[in-house]
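Have a look at the structure below, then the notes.
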Amino acid sequence: MKNIIKSTLLLVATSLFFIGCGNNGGKEQKKGGALENNVAEKVYVAPGEHDSHYAFISGGYSGNLTVYGLPSGRMFKEIPVFSQFPTSGYGYSEETKPMLNTSHGFIPWGDSHHPDISQTNGEIDGRFIFINENNTPRIAKIDLRTFETTEIIEVPNSAGNHSSSFVTENTEYVVAGTRFSVPVPQRDMPIKEYKGNFQGALSFISVEPEHGHMDIKFQILMPGFNYDLSHPGRGASHGWFFFSTYNTEEASTLLEVNASQNDKDFIAAVNWKKIEEYVNNGGGTMMPAEYAHNVYDEVTHTATSTMKKEVRVVNPSEVPGAVYLLPTPKSPHGCDVDPTGEYIIGNGKLSANLTVHSFTKMLDAIENKKFAGDAYGIPILNFEDVLAGSVEQPGLGPLHTEFDDKGNAYTTFFISSEVVKWKLGTWEVLDRKPTYYSVGHLTIPGGNSRKPQGKYMFAMNKITKDRYLPTGPELEHSAQLYDISGDKMELLLDFPTHGEPHYAAAMEADLIKKRSRKIYKLEENNHPYAAKSDADVKVVRKGNEVHIYMTTIRSHFSPDNIEGIKVGDKVYFHITNLEQDFDVPHGFAVIGQNTSELLIMPGQTKTSVWEPTKVGVWPFYCTDFCSALHQEMQGYIRVSPKDSPIKLSWSLDGE
């Protein structure tokens, strides 16, 4: 009995040691790592010089996407996507409010997860980034010329949009897989009747090649499992998409126990080209649905929201040969495909080994009909027939895998807080390095493509503990950068991130720098309320609405004295920034304004609404320090009683 107790205590102590201290209690670094040799020089980017790589790290519960430089770890920008952002007025200005419209109404705060960069011929092309919102299922597109969110489409029949948003190798589609199965269409029904009645929608959103416009091409209505992560096939497996599943037990309560009963769950292999052909020939059914499609027009500087009313759905049993299930131990989370497209890695959270499936063996099993049964009409392949190999006991709690350009894979282990490097084909563990602490995703620039760019890998950790100066009970999460150019991984740097660094995409900077936009040309500004010079400024009353066509340039507003506004009016400030100089935005704020402020880029027009409630003479001013005379960049607006006879008037310098 004593031996049993001792063994148990030893196991618990060992586990706590792994969980709490990243294998070594944070001591190793003092002996080497970031303080050894010339490691600091490897991340040093001199003042005025540029980083070699961009990293786009999702903000998780912040709803946004944050841009960092590698190797310095410097944060450059936060791109607002699914959440209002006071810094720029995104989601507050009249032009951008429609971006956050959904079938559930205006939702100002989302939960972003997985960014993925557009590809051409399986290589990153640096044009767009797509990112999913988990809670209210949405997919957004960010234009990397402007680093602005230009399109958001809601995903109907979906819930917990987790196995998203990953693109096919020519960006034909961006995929949005549901995490939670739900009744489709939604209806009032007993939850205990989940099994056999709930379904999981896998959505294929087509991307128009030139401008990237999105549209839901079709949805596949799958069995009522949970769909966790996904990745596209590439190379030989281009035309297929792979989704990891858990809760194949179809439980609806206490899933930590009830969804862990089966020894194996599945990776669902979807032949999207076969379904695309079926749909192009009129296959599938148009189902009533309600979902928002929001598009930002860079010519009018205005977003519009359209509510769509139906979506095409496909029952996989209607398309023989389109979907197969690959048994995978056990509650797999990550579902990653290597650059050649041959290996599909399923990381079972509760499995001791990493499972690697072979695409070639999968096709052979399908051709020879080596089926172990079916689930709701979808063939299940034999585990042994599709197994390429296993990485034996590499760590505790495997989650995600990315790849370098030398045939190696890198897998994160949440419980043992480490990244393990192993060899594709031999399944041999080559190296392991601790992370601090509880690592989730990792990213290698170009790792989700046919041509990984190697050089760097960074891990994104869920807990920060003792890495930085304490800031109360909550610390920012962290990322840790490793040099992977040699045989062994080398920790170079760790840096705090904003929100939850759920996943990231990264690429060489030159792909973006040469295309980056510096201004919006005034002559191309077709905003209906634009004032392209001081000659265009005016103030127009329409009932109790007052529209102010205003310009701004260093260092004044025009007009800067406005009178004739009355309590009860709804005042629209339409402000055009006349600057045509890189990096000279102007801000605007007026006292008592519910929507805070705006930040207007050079050549851009934005609108802010103010509803004065008190008589007086109220100042407005520029909120972005723009010149030596920034403090002088201000004006006044006079508010009179509701029944005042004072007429509208406006002026600049008394004219």
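The values are calculated or read from the model by the stated rules, or taken from the named source; none is laboratory data. These figures come from a predicted structure and were not determined experimentally. Positions of Cβ are backbone-derived with ideal geometry, glycine not excepted, and every protein chain shown enters the neighbour counts. Heads up: the accessible areas ignore ligands, DNA and RNA and are worked out on the full protein's heavy atoms, side chains in. Shrake-Rupley method; radii C 1.70, N 1.55, O 1.52, S 1.80 Å.
Descriptive notes on the structure:
- Residues (of a type outside the set (Lys, Arg) and part of a loop (DSSP other than H, G, I, E, B)) located in segment 172-187: Glu172, Thr178, Phe180, Ser181, Val184, Pro185, Gln186
- You will find that of Thr96, Thr87, Thr120, the residue that is more than 26 Å from Val584 (Cα to Cα), of a type in the set (S, T, N, Q) and not assigned by the TED database to the domain that holds Thr623 is Thr120 and no other.
- Taken over segment 524-544, the criterion of being part of a helix (DSSP H, G or I) and either within 23 Å of Glu94 (Cβ to Cβ) or not assigned by the TED database to the domain that holds Met601 (or both) is satisfied by Glu524, Asp534, Asp536.
- Segment 285-328, residues that are touching a residue at least 60 places away in the same chain (Cβ under 8 Å), open to solvent by 50 Å² or more (accessible area, probe 1.4 Å) and under 30 Å from Ile345 (Cα atoms): Asn315, Ser317
- Residues of segment 400-421 satisfying the condition of being within 23 Å of Lys264 (Cα to Cα) and surrounded by fewer than 22 Cβ atoms within 10 Å (Cβ to Cβ): Ile415
- Of the residues making up segment 97-121, those that are among the hydrophobic types (A, V, I, L, M, F, W, C), buried (at least 21 other Cβ atoms within 10 Å of the Cβ) and in a strand (DSSP E or B) number 1.
- In segment 122-146, residue surrounded by the most Cβ atoms within 10 Å (Cβ to Cβ) [restricted to those that are charged (D, E, K, R) and either under 17 Å from the mean Cα position of the chain (by Cα) or assigned to a loop (DSSP other than H, G, I, E, B) (or both)]: Arg138
- Any hit, segment 352-362, residues being β-branched (Val, Ile, Thr), in contact with a Ser or Thr (Cβ under 7 Å, 6 or more places away or on another chain), assigned by the TED database to the domain that holds Gly122 and not in a strand (DSSP E or B): no
- Looking across segment 81-112, the residues that are of a type in the set (A, V, I, L, M, F, W, C) and out of contact with any helix residue (DSSP H, G or I) (no Cβ under 8 Å at 6 or more places or on another chain) come down to Val81, Phe85, Met99, Leu100, Trp109.
- Count - residues of segment 504-518 that are open to solvent by less than 10 Å² (accessible area, probe 1.4 Å) and assigned to a loop (DSSP other than H, G, I, E, B): 1
- Counted residues, segment 540-561 - those being surrounded by 24 or more Cβ atoms within 10 Å (Cβ to Cβ) and aliphatic (A, V, I, L, M): 2
- Within the option set Thr552, Thr623, being in a loop (DSSP other than H, G, I, E, B) and at negative phi holds for one residue only, Thr623.
- Across segment 563-596, the qualifying residues are those that are out of contact with any Asp or Glu (no Cβ under 9 Å at 6 or more places or on another chain) and assigned to a strand (DSSP E or B), and the one among them that is most open to solvent (accessible area, probe 1.4 Å) is Glu563.
- Assessment of segment 193-215 against the conditions (outside any strand (DSSP E or B), within 23 Å of Pro137 (Cα to Cα) and among the hydroxyl-bearing types (Ser, Thr, Tyr)) yields at least one matching residue.
- Single residue of segment 239-284 satisfying the filter (among the charged types (D, E, K, R) and part of a loop (DSSP other than H, G, I, E, B)) that is surrounded by the fewest Cβ atoms within 10 Å (Cβ to Cβ): Asp263
- Hits in segment 362-397 - residues which are of a type in the set (A, V, I, L, M, F, W, C), in contact with a strand residue (DSSP E or B) (Cβ under 8 Å, 6 or more places away or on another chain) and without any contact (Cβ under 8 Å) to a residue 60 or more places away in the chain: Ala365, Ile366, Phe371, Ala372, Leu381, Leu387, Ala388, Val391
- Any hit, segment 462-477, residues being in contact with a strand residue (DSSP E or B) (Cβ under 7 Å, 6 or more places away or on another chain), at pLDDT 95 or above and aromatic (Phe, Trp, Tyr): no
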